[in-house]
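The values are calculated or read from the model by the stated rules, or taken from the named source; none is laboratory data. All values reported here derive from a predicted model rather than from experimental measurement. Cβ placement follows ideal geometry from the backbone for every residue including glycine, while neighbour counts extend to all protein chains displayed.
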Amino acid sequence: MKNDEIHIDFENSIGPWLGKTVKLLDFYAQECFNDANLDVTKEQMIVLKKLSFKDGLNQNELAFLTLRNKSSLTRLLSKMEAKKYIVREQDSSDKRIKRVFITKTGSATFLKTRPVIKQLINRIEENISPTEKQAIIKTLKKIQSNFGSEIEHI
């Protein structure tokens, strides 16, 4: 190895393992939604979840809470609006701001995702003890804090 080459041990680094795990979770979640005949993606489900807990968020708040840039969120919301899951309305006091509201269809869809999410959680936590689970959560929180305190608000 040359002196100017940097050796990286990917097999013993957390990042690649996190990335692979997230991809597996995304794939499995979408398969579960499809198997349950739910016309929703994981990203759409996350938006529905956020709106279920705090309806009427503006698009900037929603982008921050879902870790999305504004243009990708706009595309996602357009798809969700076409499915009648959400509606966007101009803010009454500031016409530049659009607020996002969950519809009855969106609420019903979100409720239908809950058993699927429960199934996903059960699969994730299979063969993991409560002690291991708490250690994993503690470690993930440490990783998140390495990227700044603003992540805690998500």
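Put simply, of 109, 41, 105 the only residue that is polar (S, T, N, Q), in contact with a Phe, Trp or Tyr (Cβ under 8 Å, 6 or more places away or on another chain) and touching a residue at least 60 places away in the same chain (Cβ under 8 Å) is 109.
Just one residue in the set 128, 102, 97 is at pLDDT 95 or above, surrounded by 10 or more Cβ atoms within 10 Å (Cβ to Cβ) and more than 20 Å from the chain's Cα centre (by Cα); that residue is 128. Here residue 40 does not qualify as closer than 25 Å to residue 147 by Cα, of a type outside the set (D, E, K, R), at pLDDT 95 or above and surrounded by 15 or more Cβ atoms within 10 Å (Cβ to Cβ). What do you reckon, is residue 117 surrounded by 12 or more Cβ atoms within 10 Å (Cβ to Cβ), under 17 Å from the mean Cα position of the chain (by Cα), of a type outside the set (Phe, Trp, Tyr) and not in a loop (DSSP other than H, G, I, E, B)? When the stated conditions are applied, residue 117 passes them. Of everything listed in (1) among the basic types (Lys, Arg); (2) over 24 Å from residue 111 (Cβ atoms); (3) at pLDDT 95 or above; (4) not in a helix (DSSP H, G or I), the single unmet condition for residue 23 is (4).
In the range 59-90, what residues are assigned to a loop (DSSP other than H, G, I, E, B) and either touching a residue at least 60 places away in the same chain (Cβ under 8 Å) or among the hydroxyl-bearing types (Ser, Thr, Tyr) (or both)? Correct list: 66, 67, 85.
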